[in-house]
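A.B. asks: One structure follows; several queries about it will come next.
The values are calculated or read from the model by the stated rules, or taken from the named source; none is laboratory data. Being a predicted model, the structure only gives us computed values, none of them experimental. Note that we place each Cβ from the backbone using ideal geometry, even for glycine, and neighbour counts take in every protein chain shown. The area values use the complete protein model at the heavy-atom level, side chains included, leaving out ligands, DNA and RNA. Shrake-Rupley method; radii C 1.70, N 1.55, O 1.52, S 1.80 Å.
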Amino acid sequence: AQSVTQLGSHVSVSEGALVLLRCNYSSSVPPYLFWYVQYPNQGLQLLLKYTTGATLVKGINGFEAEFKKSETSFHLTKPSAHMSDAAEYFCAVMSAGTALIFGKGTTLSVSS
Amino acid sequence: NAGVTQTPKFQVLKTGQSMTLQCAQDMNHNSMYWYRQDPGMGLRLIYYSASEGTTDKGEVPNGYNVSRLNKREFSLRLESAAPSQTSVYFCASRGLIVSYEQYFGPGTRLTVT
């Protein structure tokens, strides 16, 4: 069975600092992995996804993530945080039934 | 394209009342999903429909029923609401294309008193 663990329910960074949000997964089949962002009182928006091919994937708003099979990880990074990046971020893995299994989320705070 | 739409946006129910949450998508997607979001729990799958005419239980189906009315619409029904069903409900859809991306609606915030 697939599962997702997001390390750290809250991450705080200063504007301009590196953003690193951690995600580890377990899957018995080659995984399809996703990062979604949720701004307050809104739905979820896809940041980026890994299905096959290049293990470093780039998404919207300057985010990227690297699929590391040996570490079963899919960490999300952004070189320089912006105030507008403050939101909740969810890592997800696609299950065999095509539904998504989500991590519990990481709230990113950005201070000036 | 409106994408995925949900109605209502907000709802307050008393314990024991029933209601139906509506979801529609205009992207000609085959698969549709209902999730609930609770603080610190992420999103959990309630029910899904892989194609028109089929529905399957997810992780937390108790207390809910669903109907895939046609390819566009997928409704979620609470027959007898309980305070434990206070949550934010999201509908999502997904097509058959290789990207596997799910598209989410804006959510329905439900409070059961």
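A.B. asks: Suppose we filter region B:45-59 for residues that are surrounded by fewer than 17 Cβ atoms within 10 Å (Cβ to Cβ) and on the phi < 0 side of the Ramachandran plot; how many remain?
C.D. replies: Result for region B:45-59: 6.
A.B. asks: Still on this structure, please answer the following. Does residue B:36 qualify as being part of a strand (DSSP E or B), more than 11 Å from the chain's Cα centre (by Cα), surrounded by 14 or more Cβ atoms within 10 Å (Cβ to Cβ) and at negative phi?
C.D. replies: no
A.B. asks: Among the listed residues A:41, A:61, identify the single one that is in contact with a helix residue (DSSP H, G or I) (Cβ under 8 Å, 6 or more places away or on another chain) and either of a type in the set (A, V, I, L, M, F, W, C) or without any contact (Cβ under 8 Å) to a residue 40 or more places away in the chain (or both).
C.D. replies: A:61
A.B. asks: Given the criteria free of Cβ contacts under 8 Å to residues at least 40 places away in the same chain, at positive phi and loosely packed, with under 13 Cβ neighbours inside 10 Å, does residue A:53 qualify?
C.D. replies: Yes; evaluated as a whole, the condition is true for this residue.
A.B. asks: Then there's this: Using the structure shown, decide if residue B:90 is in contact (Cβ under 8 Å) with a residue 24 or more places away in the chain, facing another protein chain (nearest Cβ under 8 Å) and either assigned to a loop (DSSP other than H, G, I, E, B) or open to solvent by less than 20 Å² (accessible area, probe 1.4 Å) (or both).
C.D. replies: Against the criterion (in contact (Cβ under 8 Å) with a residue 24 or more places away in the chain, facing another protein chain (nearest Cβ under 8 Å) and either assigned to a loop (DSSP other than H, G, I, E, B) or open to solvent by less than 20 Å² (accessible area, probe 1.4 Å) (or both)), residue B:90 qualifies.
A.B. asks: Of B:75, B:84, which residue is modelled with pLDDT of 95 or more, exposed (fewer than 14 other Cβ atoms within 10 Å of the Cβ) and not in a loop (DSSP other than H, G, I, E, B)?
C.D. replies: B:84
A.B. asks: Conditions: (1) within 11 Å of another protein chain (Cβ to nearest Cβ); (2) surrounded by fewer than 20 Cβ atoms within 10 Å (Cβ to Cβ); (3) within 15 Å of the chain's Cα centre (by Cα); (4) not aromatic (Phe, Trp, Tyr). Residue A:42 meets all but one. Number of the miss?
C.D. replies: (3)
A.B. asks: Let me ask something else. Working only within region A:82-112, note down all residues that are assigned to a loop (DSSP other than H, G, I, E, B) and either open to solvent by less than 30 Å² (accessible area, probe 1.4 Å) or of a type outside the set (Lys, Arg) (or both).
C.D. replies: The answer is A:82, A:86, A:95, A:96, A:97, A:98, A:99, A:103, A:105, A:112.
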